[in-house]
1. Any idea how many residues of the range A:296-324 are at pLDDT 85 or above and farther than 21 Å from B:Ala137 by Cβ?
2. Given (1) open to solvent by less than 40 Å² (accessible area, probe 1.4 Å); (2) touching a Leu at 6+ places or on another chain (Cβ under 7 Å), identify the lone condition not met by C:Phe127.
3. Just for helices (runs of 4 or more DSSP H) wholly inside the range A:210-324: which have at least 1 residues that are more than 14 Å from chain C (Cβ to nearest Cβ) and either crowded, with 19+ Cβ neighbours inside 10 Å or touching a residue at least 24 places away in the same chain (Cβ under 8 Å) (or both)?
4. Within the range A:56-73, track down each residue that is more than 15 Å from A:Val262 (Cβ to Cβ), within 14 Å of chain B (Cβ to nearest Cβ) and not in a loop (DSSP other than H, G, I, E, B).
5. Of the residues A:Ile148, A:Ile221, only one is aliphatic (A, V, I, L, M), touching a Pro at 6+ places or on another chain (Cβ under 9 Å) and within 23 Å of A:Gly109 (Cα to Cα); which?
6. Would you point out which residue out of B:Ser148, B:Ser211, B:Ser138, B:Ser170 is hydroxyl-bearing (Ser, Thr, Tyr) and touching a residue at least 40 places away in the same chain (Cβ under 8 Å)?
7. Could you list all residues from the range B:162-177 that are open to solvent by 20 Å² or more (accessible area, probe 1.4 Å) and of a type outside the set (Phe, Trp, Tyr)?
8. Take the residues of the range C:94-124 that are within 23 Å of C:Lys163 (Cβ to Cβ) and of a type in the set (D, E, K, R): which is least open to solvent (accessible area, probe 1.4 Å)?
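The values are calculated or read from the model by the stated rules, or taken from the named source; none is laboratory data. Computed from a predicted structure; not experimentally measured. So basically every Cβ, Gly included, is an ideal-geometry build from the backbone, and we count neighbours across all protein chains shown. Ligands, DNA and RNA are stripped out before the accessible areas are found, and what is left, the full protein with its side chains, is counted by its heavy atoms. Shrake-Rupley method; radii C 1.70, N 1.55, O 1.52, S 1.80 Å.
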Amino acid sequence: MKRDWLPLLLIPVLGLAALPLVGSAASWVTLTVAGLAMGLMIFIMASGLTLTFGLMDVLNFGHGAFIAVGAFVAASVMLALAPWMTADSLWLNLAAIGPAVLAAVVVSGLLGLAFERVLVRPVYGQHLKQILVTTGGLIVAEQLLKVIWGPEQITLSRPTALRGAFLLGDIAIEKYRVLAVVVGLVVFAGLALTLNRTRIGLLIRAGVENGEMVEALGYRIRRLFVGVFAVGSALAGLGGAMWGLYQETVTAAIGAQVAVLVFIVIIIGGLGSVGGCFIGALLVGLTANYIGFLAPKVALGSNILLMALILLWRPQGLYPVAKR
Amino acid sequence: MVKQALRAILSDDLPRSRWLAVVLVAILVGLAVAPFLFPGAKSLNVAAKICVFIVLAASFDLLLGYTGIVSFAHTMFFGIGAYGVAIALTRMGASWAAVAVGVVAGLAVAIVLAAVIGLFSLRVRTIFFAMITLAVASAFAILASQLSDLTGGEDGLNYRLPAELRAPFSFGDTLFGVRLNGRLLDYYLVYLASVVLVLALLRIVNSPFGSVLMAIRENPFRAEAIGYRTVVYRTIASCIAAAAAALAGVLLALWSSQTNPDTTLSFDIMVDILLMVVIGGMGTMYGAVLGAVLLVFAQNYLQDLLAIAHKALAGVPLLANFFHPDRWLLWLGVAFILCVYFFPSGIVGRLRNRR
Amino acid sequence: MTALLSLRGVETRIGRYHILHGVEFDVAEGGLTMLLGRNGAGKTTTLRTIMGLWRAAAGEIRFDGRDITKMETPDIARLGIAYVPESMAIFADLTVQENLVLAARAGPPDPKRLEWIFGRFEALKRFWTLPAGFLSGGQKQMLAVARAIVEPRRLLLIDEPTKGLAPAIIANMIDAFRELKDGESTLLVVEQNFAFARQLGDAVAVMDDGKVAHQGGMAAFAADSALQQHLLGMGMGEHQ
């Protein structure tokens, strides 16, 4: 049985190539962990977008709205629970983060349902209008965030237990990044299991390939799509909450900013492919961190270069989804 | 005779609505006499901005309305034109030679970049192109603010315009109480250039080339089957649009004597252009004109209206925020979505249906 | 015999094109009806319209006495209609097994029934865990048909099952269809291969220019070479 492992190899290749350039092993480990953490956060935000695209050929340019909403909701809850955040107890810290993240996930999921109903559904199958309307949705959502939370950025600091770094010899690894990696891997594993081991997952994978045939087999794909859209929005909210805590500031523009990275990731991965999205996210995260260390001036442009290189190699992205 | 001349100037693409014609004439004349009718730095600034944005929006309409492709990189070309002139004037001093170098360099960079992006990504789908342009434009904006030696970074560039365009330059005394100085000359340079550029774009969309673009927009597969290389046509369209956007950027740089990322490259400007074209009316050229006027007005004056509402609602906690003067974009955003749903041909379409 | 499926005055438009101009025919319960016609006569569009994948702009489609004209595709499928499109539309990234598991709505596929399917289409058993994209064209066709019959369905709509198949596989296909029509299912099959159609069909409906130009028994149609010449533009068995 033939599986395409080549794209997966890119990650260790990139890592090893960076090692001699970075020079010190300690800095390399720190950068690698930072890159993985960033990549996994982007993966969490991007996974839903790539699935909804694959399933219904809908690309939501307003996806950033869910990211921003997640960040704001989580920030509000954490600020309300400030005493627990600053307490010197891991459990109290988690008792503040838990509800904050849960609220972010629920609110962005619900917003996703509304977004799908009001903005996406009327323009199924019309790409130009889809782009315009969902971009309009992003504009309005960004303004509404300012209406509700005010125009100023919100500053929040990480809870006591997640500040600082683990020290292993002369290697420093930020605690929060470890958490981000763990959460990202859990989300990836959860998605992979759902897609590969459940009937819903089977339906989604079949629907990504050929939605019409799934309908002809007697399944209501629209309902499936709404579900995936809501879950994707909720995951974007989760990613947004984590991103906000990572940056320690939250602004209404966060959604549009991160959405650019998200787009690059799903283009690299191959539109519609969750596995490709995972690899793409890690590549983007690692590249950003290595280049950020080696040549800070061009760090953010490096993603475009990465995208261009990958598209030169595989014009449809790493894992093109078999279509019709 | 007059009618024929008008047809020739407008490339046979008449407004086809009495009201639209009235509004367009009002804009044309209003902008022509603006320095005399509304003297003062702020209103002249608004008028010049309207001229620049009319060109920018019209060039975007060539892409969005006539070719059916969404590019989020249009401000990038606008910025390239502006920075071309700004950098040349900064480096070479305030001379017309510098302006010429800036214009040529800006145009060349814009066209080459548009061609590369187009050939790279226009063969795929609308959505793909939209995403790629978004990514490229954001990277470019970051690059521009990082290369501070060349671009002045976040602060941008402040430079001196050629002497003839500066306030001290005088070519007469006063006319109707307005001083005939370099600023006035500058304004009319911007104004006339804008008129010429809009007429040129009008000519392009009404040429055989423009018809092919619209055929591709309606049905790319059919156009390809008839024998038109859609990628080539779309790429040429995007190069023309990029060139026109760069020229709009040149005009901005020549007007404001400062160029920075916020006024040329930011995503906010991109959103503004999108709103202008869609609300004004996609695929009509005149819609871009109306949209630009409307939006620049809204930016400068809708805030005052909102301020009144905001004051009236001062007691109501959340509701008042909806009418905060800074939330004008919220209302235009809603109008934008409604336009896409219900009035795909925007204000111009409405006016034309009414006759 | 009563009509299981009947179409009356069905019109279908795709974009600007008017493809079906009042299609009328009946499919009797139990047995196999062949839908024949030249290229572009509207056969595939007819099947897609029955399945709800294109919307009928006018007319009525009844299945088992029930009006299904405006029903959604999944609901139509759930009445017991299975569809095998001309493109086969197998899920290439899914394994053969997953393709069949998905098609079995009621639960895991019945092992006895699977054995019967494997008996007809041996390759499916051999490549059970392979992604379906790796199958050959003929094997994909087998999988597409197997997917339609993995559970008992009352009506099978099959678009050109023999296209590009080797003769040995066609023989297996004929056996399978014969067992199905003698047993649980009614079949409506679009076919270009007249030799195949003649061997298997009980009834025939011939389309021409978006209408049904002839309907009747297969035996009578097979005997009338003038009518064949007129409607299909070919001599008996000449077309492959």
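1. Count: 4.
2. Here C:Phe127 clears every test but (1).
3. Result: A:221-247, A:254-269, A:274-294, A:302-313.
4. Listed by number, the list holds a single entry, A:Met56.
5. Working: A:Ile148 fails: touching a Pro at 6+ places or on another chain (Cβ under 9 Å).
Unique residue meeting the criteria: A:Ile221.
6. Values: B:Ser148 fails: touching a residue at least 40 places away in the same chain (Cβ under 8 Å); B:Ser211 fails: touching a residue at least 40 places away in the same chain (Cβ under 8 Å); B:Ser170 fails: touching a residue at least 40 places away in the same chain (Cβ under 8 Å).
So the residue among B:Ser148, B:Ser211, B:Ser138, B:Ser170 that is hydroxyl-bearing (Ser, Thr, Tyr) and touching a residue at least 40 places away in the same chain (Cβ under 8 Å) is B:Ser138.
7. Residues of the range B:162-177 open to solvent by 20 Å² or more (accessible area, probe 1.4 Å): B:163-164, B:166-177.
Those that are open to solvent by 20 Å² or more (accessible area, probe 1.4 Å) and of a type outside the set (Phe, Trp, Tyr): B:Ala163, B:Glu164, B:Arg166, B:Ala167, B:Pro168, B:Ser170, B:Gly172, B:Asp173, B:Thr174, B:Leu175, B:Gly177.
8. The residue in question is C:Arg120.
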